[in-house]
């Protein structure tokens, strides 16, 4: 039988690897729309530049956060939380645009939902599995 510590380490590493791969894919996709030919932009449909720019830049944070999670660095908790908050904020502005009648792609709603979920899960997982020495946070420590 596996020990809880082993399972938590395995889960954190799997999450970290996913974050790095997700980051590389995000940079590639965003970069092709932002810097690629007109064909890539046209294929993107009714995209919002601020969402694409945020996701492109955040892709680098995904890689950094993933590396930190893999190495169980305490700073990866803050990187994960920052990515979750930034993604949720960008998603909120996107939703304001959407409900104001602006053009959008359904895949953007799905993608931002996925990104938000990934970084909320990463933050909670990192918070619980990576101990910050000498720190106890009210109501959130185990």
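Are there any helices (runs of 4 or more DSSP H) wholly within region 1-107 with 3 or more residues that are within 15 Å of residue 125 (Cβ to Cβ), and if so which? The helices (runs of 4 or more DSSP H) meeting that bar are 4-35, 49-70, 75-99. Here residue 17 qualifies as exposed (fewer than 15 other Cβ atoms within 10 Å of the Cβ), at pLDDT 95 or above and in contact with a helix residue (DSSP H, G or I) (Cβ under 8 Å, 6 or more places away or on another chain).
Determine whether residue 81 is modelled with pLDDT of 95 or more and within 22 Å of residue 13 (Cα to Cα). It is true that residue 81 is modelled with pLDDT of 95 or more and within 22 Å of residue 13 (Cα to Cα).
Residue-wise test of (1) closer than 16 Å to residue 58 by Cα; (2) surrounded by fewer than 12 Cβ atoms within 10 Å (Cβ to Cβ); (3) in contact with a strand residue (DSSP E or B) (Cβ under 8 Å, 6 or more places away or on another chain); (4) at pLDDT below 95.
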position: 90; (1), (2), (3), (4): yes, no, no, no
position: 95; (1), (2), (3), (4): no, no, no, no
position: 103; (1), (2), (3), (4): no, yes, no, yes
position: 106; (1), (2), (3), (4): no, yes, no, yes
position: 115; (1), (2), (3), (4): yes, no, no, no
position: 120; (1), (2), (3), (4): yes, no, no, no
position: 124; (1), (2), (3), (4): no, no, no, yes
position: 127; (1), (2), (3), (4): no, no, no, yes
position: 133; (1), (2), (3), (4): no, yes, no, yes
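Can you confirm whether residue 51 is crowded, with 18+ Cβ neighbours inside 10 Å and more than 21 Å from residue 29 (Cβ to Cβ)? No; evaluated as a whole, the condition is false for this residue.
The values are calculated or read from the model by the stated rules, or taken from the named source; none is laboratory data. Not measured: the values here are computed from a predicted model. Quick reminder, even Gly has a Cβ in these numbers, built from the backbone with ideal geometry, and neighbours come from all protein chains shown.
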